[in-house]
Amino acid sequence: MKVLSSIGICAVLLAVASLPRVAAAERACESLTQLTLPNTTITLAEAVPAGDFSLPASGAEATAQRFRNLPAFCRVAATLRPSRDSDIKMELWLPATGWNGKFQAVGNGGWAGVISYAAMSGALRRGYATSSTDTGHTGNNGEFTYGHPEKYVDFAYRSEHEMTLKAKLIIDAFYGNGPRISYWNGCSTGGRQALKEAQRFPNDYDGIIAGASANPRVHLETEALWVAHAVLKDPASYIPPSKYPMIHKAVIEACDAIDGLKDGLINDPTQCHFNPKVLQCKDGDGPECLTAPQVEAAGKILSPAINPRTGAQFFPGLEPGSELGWGAKAQGPEPLSYATDFYKYVVFKNPNWDWRTFNFDSDLALADKIDNGMTNATDPNLKAFMSHGGKLLMYHGWADPQVAPMASVNYYKSVADRMGGAEKTADWIRLFMVPGMGHCRGGEGPNTFDVVGAIEQWVEAKKAPVQMIASHSTNGNIDRTRPLCPYPQVARYKGSGSIDDAANFVCTAP
Ligand SMILES: [Ca+2]
């Protein structure tokens, strides 16, 4: 009898211990519309049952969106007006049951202008309360800034911070307590937003994921014009996209083995000094070679963008291995619209402005002056974020054709230099460079990895990521795994076993 009853007590204790800390809502979802928050109108609060969830085509989304197998959640939409000209839309999705007690905000891409529903659905499936904002305008272009300086501030940093504050208050109202841990998860523009949050609002988040940060943004947009001037301004310099695979093949053949392993990947492209001149046609033109002006244009894409007067680099160049994606900036006939929109609407306030007239000295200086540090997220002093206990996990694909990967290395190094050296800062900031990965995802290298799981371990279990296992898939089948290593480490083959199995690699000093 005695034995049985102690087993019974143990079972009860176990059952109590395994209950989720916070499981369900304190109040009805619909009642959240009655919540009063400063500068905020809650426009929708509706309970969504478990299952597939669809959003009709609206605003910037030309097609309806369907999300499969979502858990039941409370869907909240709100409009925030921190300035008189602000019109910031946000959504917050709250798990109806099984909330993990945490908050995960997700970032945007490009000019934003749309709520990142797909990323929200991923966070919701992991049990998070999750939110996203359109950053204060509709549509992935820069026209909204024209005559609306406050909306530019919203886009630059204010919408994300306001969303964060309001999301935490609504979470508190719904569950009866706020999130115990908060994460930011973004790539590209979302990566820039991530750095801005760490620099400017160091108490907003406990863990921040900054992927392929589009930063410093003013210089990034100017580098797109640099590529346009190199490739698109003079028709003779134009490189037909049909030649990208030929150039890529030559680059891989020249540089694959530098890292000691012929695997189709360049582990560290900064060690690859590919000169496109080796591809110059013997005479005339042909599909397997480049004309002299094309050689020069390709060389400029792979070189840092420089101020012609001072010779100073204002943004790094794309790395060898990025060639298959050059179309993003070099396909033409116009430059990347992110860049021309910025100069038309934010800098020159002239929709008819001609990118061909750009001056890489005085016009860039003017742009920096007008931006005045609003979008540029370059402050290396993260003392407040560090003191808050924050962890910053950066990552960037070495084959990124949109945001030159050295931009992340440069920011990471600036923080390490400012904050006492890489060894000291490894407790709270780490950068993972991803060989052969494109912009945020995809590419010939292993490009799928659980970055959220890594930051959860770092923040919640105090286990700093010593590696992340990435996989590459073809037609849904994993055909290669490989560890990603904290910069400046690289994954080194141990010398035996399959080169497609992460177990046969180790992270080592370069
Ligand atoms: Ca290699």
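The values are calculated or read from the model by the stated rules, or taken from the named source; none is laboratory data. The shown structure was predicted, so the numbers you read here are calculated from the model rather than taken from an experiment. Positions of Cβ are backbone-derived with ideal geometry, glycine not excepted, and every protein chain shown enters the neighbour counts. What goes into the accessible areas is simple: the full protein's heavy atoms, side chains included, and nothing from ligands, DNA or RNA. Shrake-Rupley method; radii C 1.70, N 1.55, O 1.52, S 1.80 Å.
What lysines sit close enough to Lys262 to cross-link, taking a C-alpha to C-alpha distance under 22 Å and skipping anything fewer than 8 places away on the same chain?
Excluding near neighbours in sequence, the set is Lys249, Lys494.
State to the nearest 20 debye the size of the charge dipole of region 56-132 about its Cα centre, where the only charges are +1 on K and R beta carbons and -1 on D and E beta carbons.
For this selection, approximately 260 debye.
GluC sites (Glu not before Pro) within region 69-157: which are DSSP loop residues with at most 11 other Cβ atoms inside 10 Å?
Answer in residue order: no site qualifies.
Looking at Asn177, Thr222, Ala298, which one has the Cα that reaches farthest to the positive end of the dipole of region 168-300 (charges on Cβ: Lys, Arg +1; Asp, Glu -1)?
Result: Asn177.
When ligands, DNA and RNA are left out and all protein chains stay put, how many square angstrom of accessible area per residue does the chain have with a 1.4 Å probe? Let's see the in-between values first.
On the way: 21560 Å² over 510 residues.
Value returned for the chain: 42 Å² of accessible area per residue.
Count charges around Trp398 for me, please; just the other residues with Cβ under 9 Å from its Cβ, Lys/Arg as +1, Asp/Glu as -1. Can you show the working numbers first?
On the way: positive: none; negative: Asp268, Glu319, Asp400.
Result for the local shell: -3.
How large, in percent, is the carbon and sulfur part of the accessible surface of region 118-205 at a probe radius of 1.4 Å?
Using a 1.4 Å probe with all protein chains present, region 118-205 comes out at 48 percent carbon and sulfur.
Using Cα pairs closer than 8 Å and at least 6 residues apart in sequence, work out the relative contact order for region 92-152, in percent.
Relative contact order for region 92-152 comes out at 38 percent.
In whole percent, what relative contact order does the chain give with Cα contacts below 8 Å and a gap of six or more residues? Please report the intermediate quantities before stating the final value.
Values: 1087 pairs, mean separation 57.9, N = 510.
The value is 11 percent.
Please sort by residue number the chymotrypsin sites (Phe, Trp or Tyr not before Pro) in region 176-216 whose DSSP state is loop and whose Cβ has at most 14 other Cβ atoms within 10 Å. Before the final figure, lay out the partial values.
On the way: sites: Tyr183, Trp184, Tyr205; in loops: Tyr205.
Sites meeting the loop and neighbour criteria: none at all.
Using a 1.4 angstrom probe on the protein heavy atoms only, could you order Asp450, Asp85 from most to least accessible area?
Sorted by accessible area, descending: Asp450, Asp85.
Once the other residues with Cβ under 12 Å from the Cβ of Pro333 are scored (Lys, Arg +1; Asp, Glu -1), what is the net sum?
Computed value for this residue: +1.
Dipole size in debye (nearest 20) for the chain around its Cα centre, Lys and Arg Cβ +1, Asp and Glu Cβ -1?
1220 debye
Using Cα pairs under 8 angstrom and six or more residues apart, how large is the relative contact order of region 244-391, in percent?
Numbers: 123 pairs, mean separation 25.0, N = 148.
Contact order relative to length: 17 percent.
Sort out for me the Cα centre separation of region 119-185 from region 278-335, rounded to whole Å.
37 Å
Using a 1.4 Å probe over the heavy atoms of the protein chains, calculate the carbon and sulfur portion of the accessible area of region 291-412 as a whole percent.
51 percent
Quick one: check the C-alpha center-to-center distance for region 77-108 versus region 442-484, whole angstrom.
When both Cα centres are located, 27 Å separates them.
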